[in-house]
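Quick notes on the structure that follows.
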Amino acid sequence: MASSAFVTVDAGSQSLRACLIDTQGTLLYASRSDYEPFISDEPGQAEYKAEQFWTACCDAVGSVVRFAHQHQITPAAIGVTSQRASVVVLDANGTPLRPVILWSDQRRCVPPESLGMTGVGMRVIGVHRTVRRFQSDAESNYLALTEPEVWEQTHKMLFLSGYLNYRLTGLFRDSVANQVGYVPFDYRKQQWADAQKWHWRALPFLRPSHLPELIAPGTPLGELSASAAEALALPSGLPVVACATDKACEVLGAGCTQHDQACLSFGTAATVNLTVERYVEVERFVPAYPAAISGRFLCEEQTHRGFWLVSWFKKEFALAERQQAHRDGVTPESLFDSFLNQTPPGAEGLVAQPYWSPGVRVPGPEARGALIGFNSQHTRAHVYRALLEGLAFSMRQSLEKIERRTGQRAVSIRVAGGGAQSDAVMQLAANVLGRTVERGHTHEASSLGAAICCAVATRAFSDIHQAVTAMTHRGDAFTPHAKTAKMYDRLYRSVYTSMYARLKPLYHALLNLMDRTE
């Protein structure tokens, strides 16, 4: 067994996972700490107490450290990856002023028009609406307008990654590759926006002093403080490394570092990513995010409610499977492959559009989910298959859009995320995409990506490419079945690609009707 390894912290949407990963990319040990249900006292609210994340971190990391001690493994560094765009506000003493506003929070504010002449210019080029959406979604605007007493005491506004890094080091620092959200970040330059940029007019209450110092991914961010070392049972002074968001680390952990390697994430949010060296916007004015490799970008398309739909199906339609799973000591999801075995590809004409959450531009804020083609023979097994096929169609559409925009076809497709653990789901994806897809060697791709950042920062490898070569490995590959892939191709082209345009007017009508009702 390896004599040294890296501790990683992955703060997800439902739980926090800590892992111990060595320089061969082997997952030596993993521990998970589930959160309590998030706070939702009013429509659209999604919050967690900030201290809950740190408690979960201490619990999970503590378990990893005990394993390391038992096996005489010396952790060489610790690194954090986390869900994106969840916001924590701290006072001058570093104490959270209110619960964390999660990325899934749907509350909005109506900020004053503060763009000046820039706003006029943006109306001319057709993106004023997008900027106003940015303003209404921005947590700093929401807090300043609806909780002014909290905002007045705010010393720092951090993403969850920045908060956990602060708890580890006592420093207000975060990775460049964690800045995905409603903040004044210049994605092209990968730094805080210059003073004259429109971002500051859109966020009139935010000041540069509210923001953390940015550190390049794969470099030391600080050292473990004495108090954090005591809480985690790790040595004081242990290097804390700047990593990246969970999606960026997932792409790195999947080994997708080249512009012809696509990474599909079968996670709570389903994403398609391509790592590129030059800044390219797949959708105009929707930025390319920072990659976990310093100076590179991720061309990303996202279906916001990705494999969350499996959780939704489990809650609403799978009581029998939940009960059986409890009796058998397995997960309900492990029983769902039977639904795919019961139904033919194409779900006998039932097609899903998986927009259970709206988008920003395409799909837009009016978007809703849809299932069309019901008839009397359809069962909940057909619904399950249609949901997975709809997600796969959405990801195919995203991949094709990225390839058109970048001019680069993906010759390799690696799949990560919890959904990738099912052989049946992987085969379905290969059939819908019409391409071979493969897993990485571990389902903890985000944690592996963070470990790679730690390995580079501690000079275990000379550069990121050497680290990726040594620490990522190919898993099982799934090749499309020709007849099934041809059927899916017809269904995709003749039905799925037309659904959003056909249903969009109805979505708008529903949105307007609901607004009037409320």
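The values are calculated or read from the model by the stated rules, or taken from the named source; none is laboratory data. Model, not experiment: these values are computed from the prediction. All Cβ positions, glycine included, derive from the backbone under ideal geometry; neighbour counts span all protein chains shown. Please note that ligands, DNA and RNA were not included when accessible areas were found on the heavy atoms of the full protein model with its side chains. Shrake-Rupley method; radii C 1.70, N 1.55, O 1.52, S 1.80 Å.
When only alpha-carbon atoms count, how far does segment 177-291 stretch along each of its three principal axes, as whole angstroms with the largest first?
Each principal axis gives a Cα extent; for segment 177-291 these are 48, 38, 26 Å.
What size of dipole, in debye to the nearest 20, comes out for segment 391-518 about its Cα centre when the only charges are +1 on Lys and Arg C-beta atoms and -1 on Asp and Glu C-beta atoms? List each step's numbers first, then the result.
Working: 17 positive and 10 negative charges, 123 e Å.
That gives segment 391-518 a dipole magnitude of about 600 debye.
Out of all Cα-Cα pairs in segment 162-215, roughly what percent, to the nearest whole number, are more than 17 Å apart?
Numbers: 509 of 1431 pairs.
Tail fraction, whole percent: 36.
Report ³J(HN,Hα) in whole Hz for each residue of segment 224-241, in order, from the Karplus equation J = 6.51 cos²θ - 1.76 cosθ + 1.60 where θ = phi - 60°; Gly and Pro get x.
So the J values, rounded to whole Hz, are 5, 6, 4, 5, 5, 4, 5, 5, 9, 6, 10, x, 4, x, 4, x, 9, 9.
Got the relative contact order for the chain handy, in percent, Cα pairs under 8 Å and 6 or more residues apart?
15
With unit charges on the beta carbon (Lys/Arg positive, Asp/Glu negative), name the residue among Ile293, Val150, Ala46 whose Cα is farthest towards the positive pole of the charge dipole of the chain.
The residue sitting most towards the positive pole is Ile293.
If one puts a single equal scatterer on every Cα of segment 467-516 and applies the Debye formula without solvent, what log₁₀ I(q)/I(0) results at q = 0.18, 0.21, 0.24, 0.26 Å⁻¹?
Here the Debye-derived log intensity ratios amount to -0.73, -0.81, -0.90, -0.95.
Under a point-charge model restricted to the Cβ atoms of Lys and Arg (+1) and Asp and Glu (-1), what is the dipole moment magnitude of the chain relative to its Cα centre, in debye to the nearest 20?
1580
Convert 4 °C to kelvin, take the viscosity as 1.567 mPa s, use the Kirkwood radius over C-alpha pairs of segment 410-518 as Rh, and evaluate the Stokes-Einstein diffusion coefficient in µm²/s, rounded to a whole number.
Rounded, D is 75 µm²/s.
Based on the alpha-carbon set only, what is the convex hull volume of segment 275-409 divided per residue, in Å³?
Each residue corresponds to 141 Å³ of Cα convex hull volume.
Quick one: give the max-minus-min coordinate of the C-alpha atoms of segment 344-409 along each principal axis, largest first, in Å.
43, 28, 14 Å, listed from the longest principal axis down.
I'd like to check one number: the per residue accessible area of segment 217-272, probe 1.4 Å, reported in Å² as a whole number. Please report the intermediate quantities before stating the final value.
Details: 1480 Å² over 56 residues.
For segment 217-272, the per-residue accessible area is 26 Å².
Can you list the lysines whose alpha carbon sits under 22 Å from that of Lys486, skipping same-chain ones fewer than 8 residues off?
Result set, ordered by chain and number: Lys401.
Under 16 Å Cα to Cα from Lys189, which aspartates and glutamates show up? Leave out anything in the same chain fewer than 8 places away.
Result set, ordered by chain and number: Glu213, Glu277, Glu281.
Hey, got a sec? Which trypsin sites (Lys or Arg not before Pro) in segment 456-518 land in a DSSP loop and have at most 10 other Cβ atoms within 10 Å?
Hits after loop and neighbour filter: Arg459.
Above 38 angstrom, tally the Cα pairs of the chain and express them as a % of all pairs, no decimals.
Value for the chain: 26 percent of Cα pairs lie more than 38 Å apart.
Taking amide H positions as placed in the peptide plane 1.01 Å from N, state which residues far from Trp192 in sequence (5 or more) or on other chains have amide H under 5 Å from it.
For Trp192, the qualifying residues are Asp186.
Under the rule of -39500 (n - 2.57) per DSSP H run of 4 or more residues, summed and divided by the residues of the chain, what mean residue ellipticity at 222 nm is obtained, to the nearest 500 deg cm²/dmol? Write down the numbers at each step before the final one.
Working: 18 runs with 200 residues, N = 518.
So the helix-based figure for the chain works out to -11500 deg cm²/dmol.
With unit charges on the beta carbons (Lys and Arg positive, Asp and Glu negative) and the dipole taken about the Cα centre of the chain, which residue among Ala56, Val468, Ala30 sits farthest to the positive side?
So the residue we want is Val468.
Given segment 189-228, report the % of alpha carbon pairs whose separation exceeds 11 Å.
Working: 595 of 780 pairs.
Across segment 189-228, Cα pairs with separations above 11 Å total 76 percent.
Take the solvent-accessible surface of the protein heavy atoms, probe 1.4 Å, and return the percent of it on segment 322-410 that carbon and sulfur atoms account for.
So the carbon and sulfur contribution to the accessible surface is 47 percent.
So for the chain, taking the charge dipole from beta-carbon charges (+1 Lys/Arg, -1 Asp/Glu), which of Phe393, Leu319, Ala216 sits furthest toward the positive end?
Phe393
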